[in-house]
Amino acid sequence: MAIKCVGILTSGGDAPGMNAAIRAVTRAAIFNGLRVKGIYRGYKGMITDEIEEFKTQNVSNIIQRGGTILKTARCAEFKTPEGRKQAYDKLVEHEIDSLVVIGGDGSLTGARIFAEEYNMPIVGLPGTIDNDLYGTDVTIGYDTALNTIMECVDKIRDTATSHERLFFIEVMGRDAGFLALNGAIASGAEAAIIPEISLEKDQLAEMIETGFRKSKNSSIVLVAESEVTGGAMGVAERVKNEYPQFDVRVSILGHLQRGGSPTAQDRILATRMGVAAVDALLDGQRNVMIGVQNDQIVNVPFSKAIKNDKPINRDLLNALRISSI
Ligand code: ADP
Ligand code: F6P
């Protein structure tokens, strides 16, 4: 059956560029003669009936804004069949016959389950600063967060150098080290400690015993948040006990990494993906995430995007190791 009305929502952690994606989906849908309804607060808004018809002007003047005008939430009820039934009933009431879900791994997992239960066409957009979705080279929000990290590390370097200190800077990423590794390369940090490598070797020991040049009077190490790495606090604690010669400080960048105006890259990515999501729905695609591979838009089945761990590019590890001697 041809789709007529697309519901759009943002779910999970917000990411810069989500607004650009909302704008693109809304306008592409209207351009193609479809109706669009904005669903507020992610899956929660489906259950609590926070749904509003969107016209082109609803998405004016938002491409440059961080966060999400649709708000976002984490919704425990949606994890239950009863919650999803309530959500589906509301969509039917509003004549919504297809969905575009913008979010991370958890949000797309919810979308996949919902699409299977109710036979509803759903297309996902990878919206997360973590860049941890398989099947896409980049996710919406990742580039902006990376640039924010780079600017923060540049600032911390000034004080690190003046005091001749060793700084451990914790960055987000949930269980993935993309922000830490590329943030370290971009800011000229000495090393990155990331979960993908934690089981292979003791990254801290290697870095301190072989990595640090004596003539460097300060050092910056980016640590990916994660139980596996121990986070920046955990690593610093180890240094205090095992290598007491260092004057150590910790800085946790936290949620500032999620805010700010999206970079040009994120705005363009979100716009391309938003337009592609509507194309995919019109083309009869369902249960796919829009990705970008080698600058080409691709449709990745939810099953692949969610289930597989996205690998770290080993060239990046090498580039960091060599460029920081
Ligand atoms: P993200 O999308 O950023 O990874 P979360 O993991 O917090 O964020 O997931 C966002 C929301 O997606 C959850 O609050 C829940 O509503 C929905 N969700 C996550 N996992 C499931 C699941 N297994 N079944 C149904 N819904 C889910
Ligand atoms: O998934 C995005 C993310 O910012 C992760 O990097 C981080 O671990 C998590 O969300 C933090 O979530 P919250 O918004 O609940 O603090």
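Numerical summary
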item: Filter pass, P262 being open to solvent by less than 50 Å² (accessible area, probe 1.4 Å), part of a loop (DSSP other than H, G, I, E, B) and away from ligand 1 (no atom under 16 Å from the Cβ); result: yes
item: Filter result for G67 (within 15 Å of ligand 1 (Cβ to nearest atom), touching a residue at least 12 places away in the same chain (Cβ under 8 Å) and either in contact with a helix residue (DSSP H, G or I) (Cβ under 6 Å, 6 or more places away or on another chain) or among the hydrophobic types (A, V, I, L, M, F, W, C) (or both)); result: no
item: Criterion violated by N61 - all others in (1) modelled with pLDDT of 95 or more; (2) within 16 Å of ligand 1 (Cβ to nearest atom); (3) surrounded by fewer than 22 Cβ atoms within 10 Å (Cβ to Cβ) satisfied; result: (2)
item: Candidates A276, A186, A236, A192, filtered to the one that is modelled with pLDDT of 95 or more, over 30 Å from V292 (Cβ atoms) and away from ligand 1 (no atom under 16 Å from the Cβ); result: A236
item: Total residues in the stretch 1-35, condition within 16 Å of ligand 1 (Cβ to nearest atom) and assigned to a strand (DSSP E or B); result: 4
item: Residue list for the stretch 156-188, filter: open to solvent by 10 Å² or more (accessible area, probe 1.4 Å), within 16 Å of ligand 2 (Cβ to nearest atom) and in contact with a Leu (Cβ under 8 Å, 6 or more places away or on another chain); result: E170, M172, N182
item: The stretch 98-147 - residue that is open to solvent by 30 Å² or more (accessible area, probe 1.4 Å) and not charged (D, E, K, R) and, of those, farthest from ligand 2 (Cβ to nearest atom); result: N119
item: Qualifying positions in the stretch 244-266 - more than 16 Å from ligand 2 (Cβ to nearest atom), within 19 Å of G13 (Cβ to Cβ) and out of contact with any Asp or Glu (no Cβ under 7 Å at 6 or more places or on another chain); result: S261
item: Residue under evaluation D14, criteria (1) away from ligand 2 (no atom under 16 Å from the Cβ); (2) surrounded by 24 or more Cβ atoms within 10 Å (Cβ to Cβ), criterion not met; result: (1)
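The values are calculated or read from the model by the stated rules, or taken from the named source; none is laboratory data. Remember, predicted model here, so these are calculated numbers, not experimental data. Here Cβ is always computed from backbone atoms with ideal geometry, including for glycine, and neighbour counts include all displayed protein chains. Each accessible area value is taken on the protein alone, full model and side chains, heavy atoms only, with ligands, DNA and RNA left out. Shrake-Rupley method; radii C 1.70, N 1.55, O 1.52, S 1.80 Å.
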